[in-house]
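The values are calculated or read from the model by the stated rules, or taken from the named source; none is laboratory data. A quick note: this is a predicted structure, and the numbers were derived from the prediction, not measured. Because the Cβ atoms are built from the backbone with ideal geometry, glycine has one as well, and the counts that use them run over all protein chains shown.
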Amino acid sequence: MIRGSIVLRTTLVVLGATLAVGVLADHLAIKATRTRAVSQQREAMEALLDVVEPSAAAACFVEDKALAQQVVQGLVGSRSVQSAILRTANQDLAQASRDGPIAPQNTPALVRPLASPFAPESRIGELVLIPDPAEAARQVARIAAMVRAVVAVLSLALGCVMALVVHRSITRPIRILSRRLHELEATTGARLFFPSGHERDEIGQLVKDVNALVERLMNALQVERDLRGQLELDQRKVQAILENAGTGIFVVQGDGRMEAWTPAFLRLLDLEGASPPQGSDLPALFGLTADRVGTCLARCREQGLRQVETLQISDLQGTRQRWLQLTLDPIGPDWIQGLLEDVTSHLEAAEAAQELATRDALTGALNRLGAERLLGDRPSKGSRPLCLMLVDLDHFKQVNDSRGHDAGDEVLRQAVLRMQGSLRRTDEVARLGGDEFLLIVDNLEDEAMALGIADKLIAAIGMPVPLPEGDAVQVGASVGVALFPPGQAFTWEAALKRADRAMYQAKQVGRNCARLARD
Amino acid sequence: MRLRECVLPLLLLAMAPLLRAQESIAVIVHPESGISQLSREEVTNLYLGRQKRLPSGLTALPVEQTNPRPVWARFYRLLVDKDLAEINAYWARLFFSGQAQPPHRAQSAQEVMETVAANRGAIGFVERSKVNRRVKVVLVLGGAP
């Protein structure tokens, strides 16, 4: 209650302070009054003595007890005097006291020596006055009561004034402000208005500060609103980009549990109709290639580096093959972000380009580059030797010259078909240039078998080649055969030279035959 | 010279009443009062009520002469150096108790003389020139020593 009200607290403090001052004033006043009262009493008694002295002297002079009694009775009629004694040198003429007998007094008695009325130098008696201490006390009490009354009235008045002032100039404005603050719609930018009469004082300053605060808050709120709007817009953009991206984007925890993904991710994995894979294991979503995905994930987690894996996926019917490229990027402790891209078309395009570069357009056989790439620096893939046969058509130039290039082209096409027909499906035919061909026959039994194939080949090529005009042309073939056992050092140029030398020998011995390279 | 010798006695004669006013006053008692002399203090005590008996034991009867008034006043002036108003005020204080009586008042020196001559305890005062054989002077106030 006291702590809850400024008015009450202030009033009590003021009351307390005035009361304290009052008590001090009371104490001082009583102290001063007491001395003053005693001296005043003494003065009053002296004055009384002055008045009665002649009568007292006369009574003493004639020892008139009746008169003496009158005098002392008159003296104790005064409130200052407790008792009075009139005595001559020999006897007490009269004595009187206010109440009862004369009590022994602490206060010193007032003694007035009496001289003879007719001989001032001769002392004939004395008048003794004993002051009434109660009178001084009464005087003191009267003054003290007055002081206390004044202090009480003063503190009451001060307290009232303080209460009024505090209430009017502090508490009421604060209460009004508090009520208005409660009702204030700060978010709409509403302002607090000044309690009347307080525009320029501390309360007014408070109102100004509150308004400034409201304004700052409003500004901050507006900035916040703008930022949020911008953020929402950005998020929508990102959302749109993510949802429309052909690339599947996803986030997994380190252990492979799915956290977030884009629609494309599901589409690429043919999971669009299935239940959302929240928390499910990433590798499990990849079906047959789950192992490779698991390995890739583990590698990414352990090395903390980007991992790229290309995976072949068959759709449900198994009719269409697709290539998916999985990219995993660690993005902080125990989080991995992944990209899933359909690279089938890329691979197909690359394959087509490869085809273009390595195939001979006329015959569909490999060209020199294709052959070179296919062989590389490698001898046999299997446990048995690799066989290279260099084939050169005989008399092809004459066909070309006499029957034109179209006939020559037809001869070349037929030659390739016939060579392919003489070989296994896994063997390759390459046109090195002009009418020169290289046959790559891997994993061959022995030399005899190679020569057998070569003979078969020569026979096939030697068959007449029908032309569109209805007639036919005939060419021959010289074949150089070179065998390269597994484990033997192998270079493209050296291998080609070896086969070439064998082929040259075949030409020299009369064409249309095969010769084995012997070193 | 002759004239001068005549003027002085005439002047003195003319001033006689004035000189007589300055005449000393004699306090007198009855010849058989048993007192031959009184001090000024004793006279004061007797006249102002402090002593009610003569030193010889007789009840005192103080008599004061109020006429002529200058003699009355002169007596108190010489005795206690007070004027008559003061003496009256003094008696006024004592009057109501009735215990002390102011002196009996006589209208003339003749009456004083007769009262004193007639009472053994009486005491009075007259101008010294008025004293005769019927009274006894116990104190002389004022005048030549």
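The table below lists the values:
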{"quantity": "Test: residue in the range A:126-141 that is within 28 Å of B:L46 (Cα to Cα), touching a strand residue (DSSP E or B) at 6+ places or on another chain (Cβ under 6 Å), within 14 Å of another protein chain (Cβ to nearest Cβ) and modelled with pLDDT of 85 or more", "calculated": "no"}
{"quantity": "Test result for B:V43, away from every other protein chain (no Cβ under 13 Å) and surrounded by 21 or more Cβ atoms within 10 Å (Cβ to Cβ)", "calculated": "no"}
{"quantity": "Residues (β-branched (V, I, T) and either part of a helix (DSSP H, G or I) or within 60 Å of the chain's Cα centre (by Cα) (or both)) located in the range A:451-475", "calculated": "A:I453, A:I458, A:I461"}
{"quantity": "Answer residue from the range B:99-135, given it is touching a residue at least 12 places away in the same chain (Cβ under 8 Å) and under 30 Å from A:V52 (Cβ atoms) and is nearest to the other protein chains (Cβ to nearest Cβ) among those", "calculated": "B:A100"}
{"quantity": "Subset of the range A:433-476 that is free of Cβ contacts under 8 Å to residues at least 40 places away in the same chain and on the phi > 0 side of the Ramachandran plot - its residue that is surrounded by the fewest Cβ atoms within 10 Å (Cβ to Cβ)", "calculated": "A:G470"}
{"quantity": "Matching residues, the range A:477-488, being at pLDDT below 90 and surrounded by 13 or more Cβ atoms within 10 Å (Cβ to Cβ)", "calculated": "A:L483, A:F484, A:P486"}
{"quantity": "Criterion: in contact with a His (Cβ under 7 Å, 6 or more places away or on another chain) and small (G, A, S) - qualifying residue of A:G470, A:G476, A:G404", "calculated": "A:G476"}
{"quantity": "Of all residues making up the range B:52-88, the number that are over 10 Å from the mean Cα position of the chain (by Cα), in a helix (DSSP H, G or I) and small (G, A, S)", "calculated": "1"}
{"quantity": "Matching residues in the range A:52-73 - criterion: being under 14 Å from A:A84 (Cα atoms), hydrophobic (A, V, I, L, M, F, W, C) and more than 7 Å from every other protein chain (Cβ to nearest Cβ)", "calculated": "A:V52, A:A56, A:A68, A:V71, A:V72"}
{"quantity": "Contacts under 8 angstrom Cβ, first residue in the range A:159-183 being assigned to a helix (DSSP H, G or I), partner of a type in the set (F, W, Y), 6 or more apart", "calculated": "A:R180/A:F193"}
{"quantity": "Some residue of the range A:90-99 being of a type in the set (D, E, K, R), over 60 Å from the mean Cα position of the chain (by Cα), within 14 Å of chain B (Cβ to nearest Cβ) and surrounded by fewer than 16 Cβ atoms within 10 Å (Cβ to Cβ)", "calculated": "no"}
{"quantity": "Unmet requirement for A:H182, which otherwise passes all of (1) within 24 Å of A:G279 (Cα to Cα); (2) exposed (fewer than 13 other Cβ atoms within 10 Å of the Cβ)", "calculated": "(1)"}
{"quantity": "Condition check for A:V411: surrounded by 20 or more Cβ atoms within 10 Å (Cβ to Cβ) and within 22 Å of A:A361 (Cα to Cα)", "calculated": "yes"}
{"quantity": "Residue match in the range B:20-36 (condition: at pLDDT 90 or above and under 18 Å from A:S116 (Cβ atoms))", "calculated": "no"}
{"quantity": "Unmet requirement for A:A37, which otherwise passes all of (1) in a helix (DSSP H, G or I); (2) at pLDDT 90 or above; (3) crowded, with 16+ Cβ neighbours inside 10 Å", "calculated": "(2)"}
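The rows are residues; the columns are (1) within 13 Å of chain A (Cβ to nearest Cβ); (2) over 21 Å from A:E63 (Cα atoms); (3) surrounded by fewer than 19 Cβ atoms within 10 Å (Cβ to Cβ).
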| residue | (1), (2), (3) |
| --- | --- |
| B:L54 | no, no, no |
| B:L79 | yes, no, no |
| B:L84 | no, yes, yes |
| B:I87 | yes, no, no |
| B:S97 | yes, no, yes |
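Condition check ((1) among the charged types (D, E, K, R); (2) part of a helix (DSSP H, G or I); (3) at pLDDT 85 or above) across all residues:
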position	(1), (2), (3)
A:L28	no, yes, yes
A:R42	yes, yes, yes
A:D50	yes, yes, yes
A:S55	no, yes, yes
A:C60	no, yes, yes
A:Q70	no, yes, yes
A:G74	no, yes, yes
A:S83	no, no, yes
